[in-house]
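The structure under discussion appears below in the form of C-alpha cells.
The values are calculated or read from the model by the stated rules, or taken from the named source; none is laboratory data. Only a predicted model underlies this, so the values are computations on that prediction, with no experimental measurement involved. Reconstructed Cβ throughout: ideal geometry from the backbone, glycine too, with neighbour counts over all protein chains shown.
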Amino acid sequence: MRIAVLGSINIDLVAEVERLPRPGETVVGQGLARYPGGKGANQAIAAARLGAEVALYGRVGDDAFGEEVLAAAREAGVDIRAVERLPQTPTGAALIVVGSRGENMIAYVPGANGRVDGEYVRRVLPAIREADALLVQLEIPLAAVAALVRELPAPTPIVVLNPAPAQDLAAIPLDRVDYLTPNREEFVALTGWPPEGAEEVARAAQSLLARGVRHLVVTVGSDGAYLVEGEGATRFPAPPVPVVDTTGAGDAFSAALAVKLAAGSGPYEALGFANAVASLAVTKKGAAPSLPTLAEVQAFLARQAPGRPSHHPLTTP
Ligand code: RIB
C-alpha cells in the first residue's frame, strides 16, 4: 500500500526536566538531545516502519539539520526524492521540553516548512493522487493543505488530516477529509468542549461532522481514543504502558491509522492497531526514534490484545 505524507520536517532539540517550567521560570534540565522530528517526517517514518511504501513531501533548508532529518527518513525506507531543499532558509526546528511524566511543551519555528505553498502542491499533486492514503498535518501553511485536499479525487486517496497544531479549519474542504484526528487540546480548540466522556465527545463533534468530516477520531492519551461517526461515539481503551516521552505519539497514531485503512481495514481494527502503535511510541525517548516497527507492534499485540471498544449512542440532543 502506498502512503503519501505532506508535512513538516524538523530537527527537535529536547531538554529533559523534572517538571515543565511556568512562564518566566527557569528549571534545570537533566539532559539535552537532538532528534529528527516534525509531524510530517515522523508520520512518514512511522508508516514506513509499519511496512508501508511511503513518499514524503515538504521542504527543508539547504543545511545540516535538513540533511540529518532526511537521512533518518531515508534510513527508515521513506522516499524523500520530492522533498525540496531551499537555499538560504533554515530547516524547521522544534524546541521541546519533556517532563518526568513524559508530558511536553513545544515551541515550533517553521523555517522551510513555512514555504510549502500552492505552487509546490501543484507540482507534487499528480504523485499524491496515486497514493492509497494521504497523511497531512498543520505545521505547514493552511493554504497549502487546503489547495491539496481540494484537488484530490474521491474516494482514494483516503485523507487523514491530523489538525496539529490546532487552527481554524474554515479554509479546509472538510467534506474531503475521511479521518480528522485531533488530540484532547486540539479537540477543545476545534469545538470549544473538552473530550470528557463519550456522549460529550459525540455531541461536541456534531459541528465537525456537519461540515462533512466522515470520521472524527479524538486521541486522549492514556485513555485511548474516541471514534465518532454519525450519532454516538465509541471509546477504544489504550493498553497500559510506562510513559517515558509522549512526543510523537499523535504522529504514530495517525500514521498507523492510515496504514491500516490503506490496507483495507475498517475503522475499528485500525483504531485498535493505532492505539497499540501510539502506546509503544510513548515508552521511548524522542519523536522519530520512538516509532515502532511492525514486528515490535505484532509482538506487543501478541502479549496484550487491544481492549474492547465500547459504544455510547448520543441519547439526548
Ligand atoms: O508531533 C511531534 C512533533 O511536533 C515533533 O517532532 C516536533 O517537531 C513538533 O513540531
Given the conditions (1) small (Gly, Ala, Ser); (2) closer than 22 Å to residue 187 by Cα; (3) touching an Asp or Glu at 6+ places or on another chain (Cβ under 9 Å); (4) more than 16 Å from the ligand (Cβ to nearest atom), and given that residue 262 satisfies all but one, which numbered condition is not satisfied? (2)
Among the candidates 249, 198, 202, which residue alone is of a type outside the set (Lys, Arg), within 16 Å of the ligand (Cβ to nearest atom) and surrounded by 17 or more Cβ atoms within 10 Å (Cβ to Cβ)? 249
In this structure, is residue 31 surrounded by fewer than 24 Cβ atoms within 10 Å (Cβ to Cβ), among the small types (Gly, Ala, Ser), modelled with pLDDT under 95 and more than 16 Å from the ligand (Cβ to nearest atom)? yes
Filter the stretch 55-70 for residues that are within 23 Å of residue 14 (Cβ to Cβ) and assigned to a loop (DSSP other than H, G, I, E, B) and give the result. 58, 63
Single residue of 220, 188 found to be within 20 Å of residue 276 (Cβ to Cβ) and either aliphatic (A, V, I, L, M) or free of Cβ contacts under 8 Å to residues at least 60 places away in the same chain (or both): 220
Strands (runs of 3 or more DSSP E) wholly in the stretch 71-111 with at least 1 residues that are touching a residue at least 12 places away in the same chain (Cβ under 8 Å) and of a type in the set (S, T, N, Q) - which ones? 104-109
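Quick grid of which residues meet (1) modelled with pLDDT of 95 or more; (2) among the acidic types (Asp, Glu); (3) over 19 Å from residue 5 (Cβ atoms):
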residue: 199; (1), (2), (3): no, yes, yes
residue: 223; (1), (2), (3): no, yes, yes
residue: 249; (1), (2), (3): yes, no, no
residue: 258; (1), (2), (3): yes, no, no
residue: 293; (1), (2), (3): yes, no, no
residue: 306; (1), (2), (3): no, no, yes
Looking at residue 91, is it among the hydroxyl-bearing types (Ser, Thr, Tyr), farther than 22 Å from residue 161 by Cα and touching a helix residue (DSSP H, G or I) at 6+ places or on another chain (Cβ under 7 Å)? yes
Residue 58 vs. criteria buried (at least 17 other Cβ atoms within 10 Å of the Cβ), more than 13 Å from the ligand (Cβ to nearest atom) and either of a type in the set (Asp, Glu) or in contact (Cβ under 8 Å) with a residue 60 or more places away in the chain (or both): no
Restricting to the stretch 73-113, give me the number of residues that are surrounded by fewer than 18 Cβ atoms within 10 Å (Cβ to Cβ), within 11 Å of the ligand (Cβ to nearest atom) and small (Gly, Ala, Ser). 1
Restricting attention to the stretch 169-189, the residues that are touching a Leu at 6+ places or on another chain (Cβ under 6 Å) and in a strand (DSSP E or B) number exactly 1
